[in-house]
Structures are given as structure tokens and as C-alpha cells.
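Visitor: Okay, here's the structure, questions in a sec.
The values are calculated or read from the model by the stated rules, or taken from the named source; none is laboratory data. Remember, it's a predicted structure, so these values are computed and weren't measured experimentally. So basically every Cβ, Gly included, is an ideal-geometry build from the backbone, and we count neighbours across all protein chains shown.
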Amino acid sequence: MSVGTLGHYSGGTLVQNNQTITGTVTGDSASQVTTGSNSISGDSFSGASGLPSVIQNTGNNVLIQNGVIVNVQMKP
């Protein structure tokens with residue numbers, strides 16, 4: 001396929017990076033609790049591929065939200 005033909009079928013230029021993540025933590029309580037610790041060793045990601053993500057929490061009554069947007073652009 002020629003570059004011109006391939007260009008005709010490309011995805012275009014409109015890229016929207018919108019992500020809405022909403023959450024609430026209400027009415028929770030914690031008393032007489034002990035939290036731990038977090039650690040990541042030096043080889044925790046050995047052999048990993050793609051887009052590894054780590055979320056750690058040692059708290060109480062916590063809402064953790066995570067989102068990833070990946071845009072891939074290929075040029076001839």
C-alpha cells in the first residue's frame with residue numbers, strides 16, 4: 001500500500017484525553033487500627049512489559065482511583 005493510500009485511512013488528528021473518575025468515602029470510621037508499610041524491591045518489575053502500574057496504601061478509609069490514557073501515533 002502506498003504512503004498516500006495509507007494516509008487516507010489513518011485515524012485522523014482528533015485526540016481527546018478526557019477521563020472522569022469520581023468517588024466518595026463517607027460515613028467511615030476507624031479506631032484502634034494499625035497500618036503497615038509499603039515497599040517495592042529492586043527487581044519487582046523484572047520481566048515486566050507493557051505499562052506497569054503500582055498503587056500502594058497504608059491508610060484507612062481511603063479511596064484510590066487510577067486511570068491511564070495511552071495514545072499511540074504511528075507514522076510511515
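Visitor: Of the numbered conditions (1) out of contact with any Ser or Thr (no Cβ under 9 Å at 6 or more places or on another chain); (2) modelled with pLDDT of 90 or more, Thr5 satisfies every one except a single condition; which is it?
Guide: Thr5 satisfies all of (1) out of contact with any Ser or Thr (no Cβ under 9 Å at 6 or more places or on another chain); (2) modelled with pLDDT of 90 or more except (2).
Visitor: I need the full set of residues from segment 26-55 which are under 21 Å from the mean Cα position of the chain (by Cα) and either aromatic (Phe, Trp, Tyr) or surrounded by 10 or more Cβ atoms within 10 Å (Cβ to Cβ) (or both), in order please.
Guide: Asn38, Ser44, Phe45
Visitor: Return a yes/no flag: does segment 2-21 have any residue that is part of a loop (DSSP other than H, G, I, E, B), surrounded by fewer than 10 Cβ atoms within 10 Å (Cβ to Cβ) and touching a Phe, Trp or Tyr at 6+ places or on another chain (Cβ under 7 Å).
Guide: No.
Visitor: Moving to a separate point now. Let me spell it out: the conditions are (1) assigned to a helix (DSSP H, G or I); (2) of a type outside the set (S, T, N, Q); (3) surrounded by fewer than 10 Cβ atoms within 10 Å (Cβ to Cβ), and Lys75 meets all of them except one. Which number is the exception?
Guide: (1)
Visitor: Of all residues in segment 32-70, which are β-branched (Val, Ile, Thr) and in contact (Cβ under 8 Å) with a residue 12 or more places away in the chain?
Guide: The initial filter retains those residues of segment 32-70 that are β-branched (Val, Ile, Thr), namely 33-35, 40, 54-55, 58, 62, 64, 68-70.
Those that are β-branched (Val, Ile, Thr) and in contact (Cβ under 8 Å) with a residue 12 or more places away in the chain: Val33, Thr35, Ile40, Val54, Thr58, Val62, Val68, Ile69, Val70.
Visitor: Could you run through segment 9-25 and say how many residues are over 23 Å from the mean Cα position of the chain (by Cα) and modelled with pLDDT of 70 or more?
Guide: Of the residues in that region, 0 qualify.
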